[in-house]
Amino acid sequence: MKEVDNVRKVALVGTSCVGKTTLFENYQRKFVEDPSIVFVEKAARQYFTRNAHIPTVERFGLTPQGEIQDLAIKNEQLAHNSGAKVIICDRSVLDAVAYVRGSGDIEGSEKFLGRVKHWIPTYNAIFLLNPADVPYIRDNVRLEDPSVRRRNHEAFLELFQQTNINYVLLSGTIVQRTEKIDKV
């Protein structure tokens, strides 16, 4: 897929429990009546809700993350096909790349990056949410420990720095983060 000039697409990315979905849902409520804006739900939550049997230690492996990346691509492609003027993504096709990298599998991460390099230009803005501002809370999908959260955030930073992918680091309160997104 090549860059689409008439579509503005933003992605909210980052490790677990950093406020991506909170921001995403705030924008959904704000623009619920606007048919020109399409919201792409996070593929990982969809996947793990259907595949809860996968042990926590395997969640960042190649098979689950590859299937999550495929689902993210499919969901984003549907959004592009909808004719939307704005697409807001809760996560992105790059998440699998970072999560596999965070698990220590650099080769697998590079493979996943290769699968989506052509997709990266479709994002007008990528917002990486800073975990330092949000306490970690486990739920029925977030099962990893806080050290995994830290490691995955570092993997996102490494990925973006090593590949020169532009991103905006979002820190602060929900209001401060929203203001920064709105400015961009």
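The values are calculated or read from the model by the stated rules, or taken from the named source; none is laboratory data. None of these values were measured; they are calculated from a predicted model. So basically every Cβ, Gly included, is an ideal-geometry build from the backbone, and we count neighbours across all protein chains shown. Protein only, heavy atoms only, side chains kept; ligands, DNA and RNA dropped before computing areas. Shrake-Rupley method; radii C 1.70, N 1.55, O 1.52, S 1.80 Å.
Of everything listed in (1) more than 14 Å from the chain's Cα centre (by Cα); (2) crowded, with 17+ Cβ neighbours inside 10 Å; (3) at pLDDT 90 or above, the single unmet condition for residue 119 is (1). Among the residues of the range 21-46, the one identified as among the hydrophobic types (A, V, I, L, M, F, W, C), closer than 21 Å to residue 95 by Cα and over 13 Å from the mean Cα position of the chain (by Cα) is 38. Inside the range 38-68, residues that are of a type outside the set (Gly, Ala, Ser) and within 28 Å of residue 27 (Cβ to Cβ) make up a count of 18.
Residues that are without any contact (Cβ under 8 Å) to a residue 40 or more places away in the chain and β-branched (Val, Ile, Thr) were ranked within the range 57-74; the one that is most open to solvent (accessible area, probe 1.4 Å) is 57.
Out of curiosity, is residue 14 at positive phi and over 14 Å from the mean Cα position of the chain (by Cα)? No: the conditions fail for residue 14.
Scanning the range 143-152 for residues that are under 22 Å from residue 46 (Cα atoms) and either modelled with pLDDT of 90 or more or surrounded by 17 or more Cβ atoms within 10 Å (Cβ to Cβ) (or both) returns 144, 148, 149, 152. Kindly establish whether residue 57 is among the β-branched types (Val, Ile, Thr), part of a loop (DSSP other than H, G, I, E, B) and out of contact with any Ser or Thr (no Cβ under 9 Å at 6 or more places or on another chain). Taking the combined requirement at face value, the residue does not satisfy it.
Per the conditions (1) touching an Asp or Glu at 6+ places or on another chain (Cβ under 8 Å); (2) in a helix (DSSP H, G or I); (3) open to solvent by 30 Å² or more (accessible area, probe 1.4 Å), the sole criterion not satisfied by residue 45 is (1).
Conditions tested, residue by residue: (1) at positive phi; (2) in contact with a Cys (Cβ under 8 Å, 6 or more places away or on another chain); (3) of a type in the set (A, V, I, L, M, F, W, C).
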{"site": "40", "(1), (2), (3)": "no, yes, yes"}
{"site": "44", "(1), (2), (3)": "no, no, yes"}
{"site": "49", "(1), (2), (3)": "no, no, no"}
{"site": "86", "(1), (2), (3)": "no, no, yes"}
{"site": "97", "(1), (2), (3)": "no, no, yes"}
{"site": "103", "(1), (2), (3)": "no, no, no"}
{"site": "106", "(1), (2), (3)": "no, no, yes"}
{"site": "116", "(1), (2), (3)": "no, no, yes"}
{"site": "128", "(1), (2), (3)": "no, no, yes"}
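Number of residues in the range 15-42 that are more than 24 Å from residue 133 (Cα to Cα) and either open to solvent by 60 Å² or more (accessible area, probe 1.4 Å) or in a loop (DSSP other than H, G, I, E, B) (or both) equals 6. Of all residues in the range 50-82, which are in contact with a strand residue (DSSP E or B) (Cβ under 9 Å, 6 or more places away or on another chain) and of a type outside the set (Asp, Glu)? Correct list: 72, 75, 78, 79, 80, 82.
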